[in-house]
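Below: the structure, in structure tokens.
The values are calculated or read from the model by the stated rules, or taken from the named source; none is laboratory data. As the structure is a prediction and not an experimental result, all values here were calculated from the model. Cβ atoms come from the backbone with ideal geometry, glycine included; neighbour counts cover every protein chain shown.
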Amino acid sequence: MGAHNEPLSREQILAVLRDVEDPEAPVSIVDLGLVANCGMATDGAIEVELIPTRAGCPAREFIRFLVEKRLKVAFGERQVRCRWLDAAAWSTERISPEGRRRLREYGIAVPELDSDGRRRLRCPYCDSANVRQESPFGTSVCRAIWYCDSCRNPFEEMRWLEEGLASHFHQQEVRLWTNP
Ligand SMILES: [Zn+2]
């Protein structure tokens, strides 16, 4: 796709990153809000900065590998510098409407903020708020298992991580979201 030093716009790079899906859900890393920044550096390299959903996420190295590979496929043998911004705070607010829609289809609910600022979780299948947490342990460290009392389906919650809680997260002690 052209010479290695040909200018690349942020939009061109983002369009390619939209093809990279999170290994744990069929949602692009762009729609999940993992991409903080991307662009072309003065030396022609592609730079991508990613926000981790949680400290020490086991999928991180794999996501970086997918990003670098996908960009090299799209733009040739250009240098790619991809790094994780450990100090940056990700929250479920960064997930795009399209990302939320895809996650719902996959049976994963994302907490939404009410008009009064409270976090609410609704069933991804029937939209009921009549839900309760079954287990803080889902299929990955950022998920919890919930149960909908309206349609009687279990579903997963994409957890909301607040700054400062991430370091405690692996001890599984912190309840990030509880039933009202
Ligand atoms: Zn339901």
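Scanning segment 94-124 for residues that are within 14 Å of the ligand (Cβ to nearest atom) and buried (at least 17 other Cβ atoms within 10 Å of the Cβ) yields ARG104, ILE108, ALA109, LEU121, ARG122, CYS123, PRO124. Of all residue pairs spaced 6 or more apart or on separate chains, those with beta-carbon atoms under 9 Å, a first member in segment 13-25 that is closer than 15 Å to ALA36 by Cα and free of Cβ contacts under 8 Å to residues at least 40 places away in the same chain and a second member that is surrounded by 15 or more Cβ atoms within 10 Å (Cβ to Cβ) and polar (S, T, N, Q) are ARG18/SER28. On the stretch given as segment 125-140, residues that are farther than 18 Å from GLU105 by Cα and within 16 Å of the ligand (Cβ to nearest atom) total 4.
Yes or no, residue by residue, for (1) over 22 Å from GLU98 (Cβ atoms); (2) in a loop (DSSP other than H, G, I, E, B); (3) modelled with pLDDT under 95:
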| position | (1), (2), (3) |
| --- | --- |
| PRO7 | yes, yes, yes |
| PRO23 | no, yes, yes |
| PRO26 | no, yes, yes |
| THR42 | yes, yes, yes |
| ILE63 | no, no, yes |
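Determine which member of the set GLU68, GLU93 is closer than 14 Å to LEU32 by Cβ and part of a helix (DSSP H, G or I). Answer to the check: GLU93. Is there a residue being at pLDDT 90 or above and under 23 Å from CYS38 (Cβ atoms) anywhere in segment 102-118? Within segment 102-118, one or more residues are at pLDDT 90 or above and under 23 Å from CYS38 (Cβ atoms).
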